[in-house]
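Worksheet: one structure, shown below.
The values are calculated or read from the model by the stated rules, or taken from the named source; none is laboratory data. All values derive from a computational prediction rather than experimental measurement. When we count neighbours, we look across all protein chains shown, and the Cβ atoms used for this are built from the backbone with ideal geometry, even at glycine. Each accessible area value is taken on the protein alone, full model and side chains, heavy atoms only, with ligands, DNA and RNA left out. Shrake-Rupley method; radii C 1.70, N 1.55, O 1.52, S 1.80 Å.
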Amino acid sequence: MIRVCITGAGSYIGTRIGLRLAEMPERFEVTELDVSQPWQPERLNGFDAVIHVAGIAHQKETDENRALYTAVNRDLALEVAKAAKANGVKQFVFFSSMSVYGRLTGSIDATTQPAPNTAYGLSKWEAEKGLAELADDSFRVATLRPPMIYGKGCRGNYPRLSALARSLPVFPKVSNQRSMLYIGTLCSFVQSLLESGEGGLYFPQNRDYVNTTALVKEVARCHRKRVLMLPGFGWLLKKLEGKISLVDKVFGSLTYDQRMSDAFRPADELDFSATIAQTEDVQ
């Protein structure tokens, strides 16, 4: 029996992981803990693993809220980790982000170094460095840098793309590639990671890269909508690359080298069409 505490009660990722682990009561005992209010560090006593998903994201950054990113994404993560270690927790799973690389486009491999350029990315990178100093043989720190996560009820960029696919009659035909991660695949990954008890740096992602045009087409198909894919926009999108962040996020390529994601990769990963159907909640 692995006793797991998920910090960040009510979060999308934490809730989905908790539900998956709760399906195996003979292997996992799961508790969610809200650490957004004054909390008692001793409540981490008795757990084998802590999954820390508490944090802020998907908010427009301003001069006023940059300090909040630091306080929540870095300082709170380190506070929880120190409490976990002091209370005998053996494994600490931290959700960082692809944003630590500071890239909207490009290819990331094992040699690529973090270079965050947002308050969000910087707060995650600083938390990673602080957690690395706490790690030892009796306190394993596993850091995840996932790409965009999607699934039923998800937040962030996917719902915006889905809304476009359901409303636009036409969409540019592009040949980009993006690393993405289906929530079910992530849950399977976390299950295996917890069973291993290991620390380290991980890059879970789908087995295949996602093309934005194919994504929009698949979402539209799920809702029995017809979207005309228009070719010939490559030159314009290339010209706008690096100038308009929305263009980079939607039409640019951003990938992890697949070899970085071999660890704990689920053998029963759903194909792309099935993940979109489940995300869109259609039969």
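The table below lists the values:
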{"quantity": "Top-ranked residue in the stretch 224-235 [being open to solvent by less than 60 Å² (accessible area, probe 1.4 Å) and of a type outside the set (Val, Ile, Thr); ranked as modelled with the highest pLDDT]", "calculated": "Met229"}
{"quantity": "Verdict on Ala71 being hydrophobic (A, V, I, L, M, F, W, C) and closer than 21 Å to Arg3 by Cα", "calculated": "no"}
{"quantity": "Matching residues, the stretch 246-283, being farther than 14 Å from Ser162 by Cα, acidic (Asp, Glu) and not in a helix (DSSP H, G or I)", "calculated": "Asp257, Asp262, Asp268, Glu269, Asp271"}
{"quantity": "Hits in the stretch 30-45 (condition: more than 23 Å from the chain's Cα centre (by Cα) and either at pLDDT 95 or above or among the hydrophobic types (A, V, I, L, M, F, W, C) (or both))", "calculated": "Trp39, Leu44, Asn45"}
{"quantity": "Matching residues in the stretch 38-54 - criterion: being among the hydrophobic types (A, V, I, L, M, F, W, C) and part of a helix (DSSP H, G or I)", "calculated": "Leu44"}
{"quantity": "Subset of the stretch 66-110 that is hydrophobic (A, V, I, L, M, F, W, C) and without any contact (Cβ under 8 Å) to a residue 24 or more places away in the chain - its residue that is surrounded by the fewest Cβ atoms within 10 Å (Cβ to Cβ)", "calculated": "Ala67"}
{"quantity": "Count of residues meeting criterion [closer than 23 Å to Ile6 by Cα and in contact (Cβ under 8 Å) with a residue 40 or more places away in the chain] in the stretch 161-216", "calculated": "24"}
{"quantity": "Selection from the stretch 129-147 of residues that are open to solvent by 20 Å² or more (accessible area, probe 1.4 Å) and out of contact with any helix residue (DSSP H, G or I) (no Cβ under 6 Å at 6 or more places or on another chain)", "calculated": "Lys129, Ala132, Glu133, Ala135, Asp136, Asp137, Ser138, Arg140"}
{"quantity": "Lone unmet requirement of (1) in contact with a strand residue (DSSP E or B) (Cβ under 8 Å, 6 or more places away or on another chain); (2) modelled with pLDDT of 95 or more; (3) open to solvent by 10 Å² or more (accessible area, probe 1.4 Å) for Val170", "calculated": "(2)"}
{"quantity": "Pair list, Cβ under 6 Å, 6 or more apart: the stretch 6-19 residue under 13 Å from Val190 (Cα atoms), other residue in a loop (DSSP other than H, G, I, E, B)", "calculated": "Ile13/Val53; Gly14/Gly8; Gly14/Val53"}
{"quantity": "Test result for Tyr120, open to solvent by 40 Å² or more (accessible area, probe 1.4 Å) and among the aromatic types (Phe, Trp, Tyr)", "calculated": "yes"}
{"quantity": "Some residue of the stretch 53-64 being closer than 13 Å to Ile6 by Cα and open to solvent by less than 40 Å² (accessible area, probe 1.4 Å)", "calculated": "yes"}
